Each structure stands twice: as C-alpha cells, then as structure tokens.
Amino acid sequence: MEFSELREAIEKVGLVDAHAHNIVALDSSFSFINAFTEATGTAALSFAPHSLSFKRNVREIAELYGCENSLKGVEEYRRSSGLESSSLKCFEAARISALLIDDGLKLDEKLGIEWHRSLAPFVGRILRIETLAEEILDSEIPDGWTLDKFTEAFVTKLKSYPFIADKIVGLKSIAAYRSGLEINTNVARKDAEKGLTEVLRDGNPTRIANKSLIDYIFTMSLEVSLSFDLPMQIHTGFGDKDLDLRLSNPLHLRMLLEDERFSKCRVVLLHASYPFSKEASYLASVYPQVYLDFGLAIPKLSVQGMISSVKELLELAPIKKVMFSTDGYAFPETYYLGAKKARECLFSVLRDACIDGDLTLAEAIEAAKDIFALNAIKFYKINVDANAFSSKDTVSVNPVKIESRALENSSSLVRVLWVDTSGQHRCRAVPLKRFNDIVRKNGVGLTHASMAMCSATDGPADETGLTGVGEIRLVPDVTTRKKIPWMERQEMVLADMHLRPGEPWEYCPREALRRVLKVLKDEFNLVMDAGFENEFVLLKSVSWEGKEEWVPIDSTPYCSTAAFDAASPILDEIVGALHSLDITVEQLHAEAGKGQFELAMGHTTCPLSADNLIYTREVIRAIARKHGLLATFVPKLALDDIGSGSHVHISLLRNGENVFMASGGSSKHGISSIGEEFMAGVLHHLPSILAFTAPIPNSYHRIQPNTWSGAYQCWGKENREAPLRTACPPGIIDGLVSNFEIKSFDACANPYLGLAAIGAAGIDGLRKHLRLPEPIDKNPSLCANLSRLPQSLTESLEALKKDSVLEDLIGEKLLVAIKGVRKAEIDYYSQNKEAYKQLIHRY
C-alpha cells in the first residue's frame, strides 16, 4: 500500500497546539537542559543526558540549527542567534497555526502571552484555576480571608474575565500535582474551611495543597465553566517528581464523571495520561464529556514509547476526541520537537492502522486532519477557519510560517510600512526575492527627512533638527508580516528605524513606545493594554460644475439601520479582511456624522495594539477604494458636522491580570490605586499629550464642547463629554472599571507616539502618586470652574514645550522633531485656510 498521500497530508496540515506554556527570556534562571527532561535537582539532571529521548531531541535541534550536536553547541547557537531568531526558526519549521497557552506555570523571566502572538496566527489562553486561587489569597483584605470571602472573590474574578476579548478558551487544573485526581465534588463546607485555614497558616506566597480546598476550588470552577461553556483541561499521568504518579491515574476521576451536575462539562485528559493511556482511552469511550490530548508524552518518550501511547489512546477512544499539543514550555525548541515528533509518530500509527485494516487510506488522512487541527478548532471554539485545513495543499494560515520558496510562488511584492511624525502611513515595496535575500535582515534605506515631514508637504520642516542629509535603515519587524487581504500576491510588514541593523534610531516611533513601556515594566511591573475605536467617513465622487468633489455617501443618523444596510457589502469585506489578519473587531455601527461609521477593535497589549491600528486603517481605506469610495479619518471633514476620532481605551496588566480595575469594594470609583495614579498622570499632562494625539490644526475643530470629543480638562464615569471616561463594559461587575477612554485622540496621530505620551504621563502619575479630582457627572460645559483643554495646536504645543516629563521619557531629539513638525503645521494652515480639505487624501 502506498502512503505518500498520508505522509503529505500530515506534513502539510497547520497544527493547532491545544496545550502549551510561555517561553522565557534568554537570561532566565530556568536552565536550558530542562527542555529535554522532566528531571529536577543536580543528581537527577546528571543522568538525564543518558536517556533515549534526551539524546534524540538534542540531535534533532542541532540538525535544525546546523550546529554542533551537543547541549553546549545548541546553547551557544541560541545565545548568538537571539531568542526572536531561534523562535521564528522553530515555529516556521513546526508550522503551528494556533497556540493555546496555560500561563499559570511559574517560570523566571516568563514572556507574556502577547509576545507569543507573533509566532502563530491565533494565540489563546488557558486559565489555570489553582494559580488564580493562590493569587487571590496572596492579596490582603481587611479582617483576613474566610471561606465565604474567598468564594466570592474567586467566583467573581473568574466570571469577570472578558473570555472572548482575552481569547480565554478553557480552564485548567493541576489537582494531580497537589492532592490527586480523586476529586470530591461534594466536599463538606467545614472541610473546605479547615483546608483554607491550613493554607493561610503557611503564609505567602500561597501554595494550595490541601485536598479539601483543592476539591472545593475545582468544583466551583466546574460550575463557572458550565455557565460559560468552557472546557476543563486536567493534568493526568506523569510529570516532575512533585507529582505522586499513583494519584494521577484518570480512573480516580470516576466521582466527578458520574456527577450528573457536571455531565455536560467537557474535560480534557492531558499528556496521554501516560503511563495510564489505556485507562484514558477507556474513559473517552464510555463518557461523552471526556476528551484526550497527547502532549508531553510526545516528545518526552522513546520513539516506541510515543507510538505505543498514541496507539493505546486510539484502541477505544473515538478519533474525534483525540487532540494534539506540544506541551511546549520555556523554550521554542520544545514546540518544534513536539510538532516534529507528533507528525512522525501519528504517521506511523495511522499507517499501521491502514495495514492492519482498521482504517482506509482516506479515513487515515481524515483522522490526521482531525487530530492535528479540526477536533481542537471545534472543541475550543477558536477563531480559525476550519476550511483552511480541508485542502491537502494547506501548509499554514500564517504567511510568516511558510517556507520562503512557497511564498515566492504566491507573492510578488512586500510593502515595508512606517508611520511618520505627522501620522501619515508610508511604504516602500520590494520584490519578494530581494526581501528574503537582503531586506529582511538589512532593511531598506530612508532619508533622515522622513521624520521631519508635515501633513502638507513632503520636505523636511524647519526646526526639526533633521534634513535631507543622512540615511537610516527601515528594518522589517518580521513578526508583523502579513498577506495583504485585498491585493493578491502582495504582503506587508511594519518596520523599525535603525541607524544600522540592530541599532535603533532615536527618532523611531516604535522604539520610542518601547522605551516608555520598558520603564513602566521595569519600575512598576506593568504592561499597558490598549484598544482603539476607528471613526471614518465614506465619501463618493461627484462632478460639480466640471470639478470632482468627494461627498459623504449618506446623511443618515446615529446607528441608522439604513446606513448599515447600504454599507454592509463594504463593512462585511472589512471585517473579513481584519479577521484574516487576526485583528479582533468588537462592533460596528453608523455614527452621527454624514457618511460616518465606527469600528471598535479588540484590546491588546502595546505596541501590538498600535500595529493592529495601522493595519486596520490600511484595510478600511483599501476596501473602500475597491468599491469606488474614499474612506477618510480626517478629524473634522465638515466644520458644521460631527468629527471623527480614534478614541483609545487604556488598561494596565500585571502578570496578565487587569490591575486597573479595583479588586473589591474598597475603591470609591471602582479603580485600583495603581489605575487611579496612572490615569491622574494622564489627566495632569493632557494639554501637552494633545500635541501627540491631536497633531494638526484641524484636530481642534473637532475638540469642541457638546460634540462627544472632550473639550475640558476633567474626567467622568461613563461621561462621554469628558476627555477621560472610565468604562464598565458588559461582562464587568457593576461598579468596577476595567479601562478608561481617551477621547482626545484622532487618526492623524502616530499611534506609537500617542501611546508613548500617554504611557509617559501615566508613569509620572505613578511616580508621584497623583490622585484624581472628583469626577464630573454632567456636561462639563455647564461647570464654571473647569479649564478648557487647548483650543488650538499652538496652545498644546506651548504646553508640550513646558512639559519636561514627556521630554525625559520620550527623548529630547525626537521631541525637537515633533515640535518642529507641529510648528510647520500651524504655519501652513494659518496661511492656507482651505487647505484642510485636501487632508482626505492623506488621512
């Protein structure tokens, strides 16, 4: 029997990695030897290199890297190449199309989930319940924890997660590591109380190992998972020596599986339950709610051990219930090994099944696609197109992951994009072969003057300190490389500005944002999260007295169904294009202006949120052009109509958790003390921030009283006339605030510079422990004691010149260039009153 078709299908399918963990930085104290063994401790690790899997896996990584076949040789290659390079190499070879990360594993220098989004088109999160419980108990509350207080805090926190927005696709328990799998779903209250007392007695950091409390937490989590229809992953079988293998046999789960309350709660037995693979297969065959995952067993066993464990899973379990994962952790090499050995192992298993007569060749090919992708897509309800896996020609849905030769067959040009000081999108295009051979590593040349241009002219503005003398390199950030949805055979990639490859230019907007974010992370262990709203107007071309004019497509009111109907073909195509770029769209509606619409994006960490905003604007403009229309983001298209903004919602994360929101009822305004200090800094510096977020004179025609744009220096709770508005969106507990909105932000702003200014102001608030004034609960124009925000770019520029905080954090030379460009804007538009009408062709 010929099996080349089966081998081809297995090699080409894009994998859905349904269970993995965070990668760590190169300087992590977690030793690289742990990539190849579950052993811990000096004595046990000294024997690890003598196992079959260790020898094989080191050799295969050395072959991938083309380095010396030794642990030392691989480590030297990793250090010299850098983490990004080695990660891309591993993931390109692994061809992983979706990645589900349990970020509850505690690792030194662990990288956040957002860092991993460059490695796969879809990255989701698995929430570990024991880690959540321990984090709650580590926090202090008045009068200490009781079982009732803990229960309320745990359930409230679990239910408050924005599961869809944060791409949380499941829960996970490591009860097997703590007290075993014989879960008592009817644990007595007094036993849970006693267990909590014992855990608290041990002090912080909390480690929950008491069986009654573990079972209590597990049962509460099942109830929440049922209400949100989330599956529960359960560690079963082998692991490191903290685990009592006798208690990790999945047969111990009988009480849970027989409990009628949880009969519809889907559970996944991880790690092939090795060495209890046959038991796991039996459970999946008789309990409809039980599913299987074989990560960790592959690649940590010998070749025959891996094949045997998968064969045992398939002895009884339905194929539709078996899923793949790498159980990758800490090191990108673990993902590569899990993917490579899984393909080889499953080919061997399915080939033998065909030879033995269990499967036909067609059934084996279908089984491979199910196990590697389709089962998990359906099970976890992830946002990956199942049809992308139906063709035998499919390699991956992520163009970054496809080998360069395959890309050359499907693409001709790569657009290298940047955004200048005046917020204009610009690009240079290069043939794909040149991109792969030269530009990817060395970049393309660009004049210094590129960061000195204003919105009116393409020459360097005076007083910027930049001229046409000197050249930099636009170096592609390959993690942002995308297929262009509206232009067949082209790609696009965002670029950093370097003096030479590896040496960032101090005028680079993306680098400026990174500098600010690094301070926020280093000083406060905080990550800034942002989500943008895009207001834009669709214009059509009309002829008037022999001249072409662009006018709004309609005059319908706010949230008009007729407007939405008329624009639906365009809006549908926009949403589809953004979906293909893995950009989340939260909602769309017709806005109050003529021909105006709003598209709200999902939030994510910076700078990815800015990257997504750039691509979103590109999509909207391009799809409109395709339909013969012009989409414009100009702040004030018509002086007698509502303007268009790019409102941004800001929150703060610490270890992946939203810490802008108050943790309980202790906060007067539903904001944590950290959140209040950060927001107070933004409010304090708002006049100078406007020089970044409202960067052209036309911006100030938009920021007027009673126009939903925030014209006064104040804040309010759900007050849409305030420039800063605290928000409690659906899914957040009433009274708590998940983020604050900045309305004084428009699409002429360079989003990297705008976010950098916001971040710098927030840092100042944190350093000085600033406090917010009382919120304004009515129209600010009715409050006599409120100050107007700058009413012109001239006023905001004057405020910026006096703001030493922003200069210190963003950089003196970059600030000089920004001020010079803003002055050029003021001078030009003050002398050319009607020139703003031409901005529709630039924004």
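The values are calculated or read from the model by the stated rules, or taken from the named source; none is laboratory data. Given the structure is predicted, the values throughout are model-derived calculations rather than measurements. All Cβ positions, glycine included, derive from the backbone under ideal geometry; neighbour counts span all protein chains shown. In case anyone asks, the SASA skips ligands and DNA or RNA and just uses the protein heavy atoms, side chains included. Shrake-Rupley method; radii C 1.70, N 1.55, O 1.52, S 1.80 Å.
Near Val585, the amide H atoms lying under 5 Å from its own belong to Gly602; only residues 5 or more places off or on other chains count, and H is placed 1.01 Å from N. Heavy-atom accessible area, probed at 1.4 angstrom with all protein chains present, ranks Arg617, Arg720 as Arg720, Arg617, highest first.
Per-residue accessible area (protein heavy atoms, 1.4 Å probe) orders Arg79, Arg500 as Arg79, Arg500, starting from the largest. Note that region 722-779 presents 31 Å² accessible area per residue, ligands and nucleic acids not counted, probe 1.4 Å. Taking only protein heavy atoms and a 1.4 Å probe, the accessible area of the chain is 51% carbon and sulfur. In debye to the nearest 20, how big a dipole does the chain give about its Cα centre with +1 on each Lys and Arg Cβ and -1 on each Asp and Glu Cβ? Value, rounded to 20: 860 debye. Looking at region 4-380, the pairs of alpha carbons with a distance over 35 Å make up 24% of the total. Between 0 and 90 degrees, the angle of helix 673-693 with respect to the longest Cα principal axis of the chain falls at about 40 degrees. Convex hull volume of the Cα atoms of the chain, normalised per residue: 175 Å³. Exceedance of the 19 Å cut-off in Cα-Cα distance is limited, within the set Lys433/Lys482; Lys547/Lys636; Lys106/Lys241; Lys110/Lys149, to Lys547/Lys636; Lys110/Lys149. Helix-only arithmetic for the chain: the sum of -39500 (n - 2.57) across DSSP H runs with n ≥ 4, divided by the residue total, places the mean residue ellipticity at 222 nm at -12000 deg cm²/dmol.
Among the listed pairs Lys441/Lys802; Lys55/Lys278; Lys211/Lys264; Lys55/Lys518; Lys12/Lys300, those with a Cα-Cα distance over 29 Å are Lys441/Lys802; Lys55/Lys518. In region 514-840, the inverse of the mean reciprocal separation of distinct Cα atoms equals 20.3 Å; this is its Kirkwood hydrodynamic radius.
The residues of region 413-512 expose on average 40 square angstrom of accessible surface per residue, using a 1.4 Å probe on protein heavy atoms. P(r) tail for region 173-330: Cα pairs beyond 22 Å make up 43% of the total.
In this structure the amide hydrogen of Ser644, modeled in the peptide plane, comes within under 5 Å of the amide hydrogens of Lys636, Leu637, none closer than 5 places in sequence on its chain. His603 contributes about 70 Å² of solvent-accessible surface, heavy atoms of the protein only, 1.4 Å probe. For region 413-512, just say rounded, prolate or oblate: build the C-alpha gyration tensor, square-root its eigenvalues into a ≥ b ≥ c, call rounded for a/c under 1.5, and beyond that prolate if a/b exceeds b/c, oblate if not. Prolate is the answer for region 413-512, as a/c is 1.5 or above and a/b outweighs b/c. Counting only protein heavy atoms and using a 1.4 Å probe, the accessible area of Met661 comes to about 20 Å².
Note that region 587-601 has calculated 3J(HN,Hα) couplings of 6, 9, 6, 6, 8, 7, x, 5, x, 9, 9, 10, 10, 9, 8 Hz, one per residue in order, obtained from phi through the Karplus relation 6.51 cos²θ - 1.76 cosθ + 1.60 (θ = phi - 60°); glycine and proline are x. Distance from the C-alpha centroid of region 595-622 to that of region 458-517: 18 Å, rounded to the whole angstrom. Cα-based values for region 544-610, radius of gyration first and Dmax second, are 15.0, 50 Å. Listed by chain and number, the aspartates and glutamates whose alpha-carbon sits under 19 Å from that of Lys768, ignoring those within fewer than 8 places in the same chain, are Asp522, Glu523, Glu676, Glu677, Asp803, Glu807, Asp808. Spatially, region 300-321 and region 201-243 are offset by 26 Å when compared through their Cα centroids. Couplings for region 468-484, taken from phi via the Karplus curve 6.51 cos²θ - 1.76 cosθ + 1.60 with θ = phi - 60°, read x, 8, x, 9, 10, 10, 8, 9, x, 8, 5, 6, 9, 5, 9, 6, 7 Hz in order; Gly and Pro are left as x.
Rolling a 1.4 angstrom probe over the protein heavy atoms with all chains in place gives region 4-380 an accessible area of 38 Å² per residue. Quotient of the Cα radius of gyration of region 766-843 and 2.2 N^0.38 Å, N being its number of residues: 1.48. Comparing Cα centroids, region 714-758 and region 26-48 end up 46 angstrom apart. Our compactness index for region 486-608, the C-alpha radius of gyration over the empirical 2.2 N^0.38 Å, is 1.45. Computed from Cα atoms, the angle from the helix 211-228 axis to the main principal axis of the chain rounds to 50 degrees. Inter-label distance, Glu2 to Ala638: 6.7 nm, where each label sits 7 Å from its Cα along the C-beta direction. Per residue, the convex hull spanned by the Cα atoms of region 1-143 measures out at 169 cubic angstrom.
Axis angle, to the nearest 10 degrees, between helix 303-316 and the longest C-alpha principal axis of the chain: 90 degrees.
In terms of accessible area, using a 1.4 Å probe and ignoring ligands and nucleic acids, Lys89, Lys482, Lys341 rank largest first as Lys89, Lys482, Lys341.
FRET efficiency for the pair Gln791 and Arg207, taken as 1/(1 + (r/R0)^6) with r the Cβ-Cβ distance and R0 = 45 Å, rounds to 0.20. Give the residues of region 686-725 whose amide nitrogen is closer than 20 Å to a point set 7 Å from the Cα of Gln587 in the direction of its Cβ. 707-710, 716-725, by backbone N distance to the label point.
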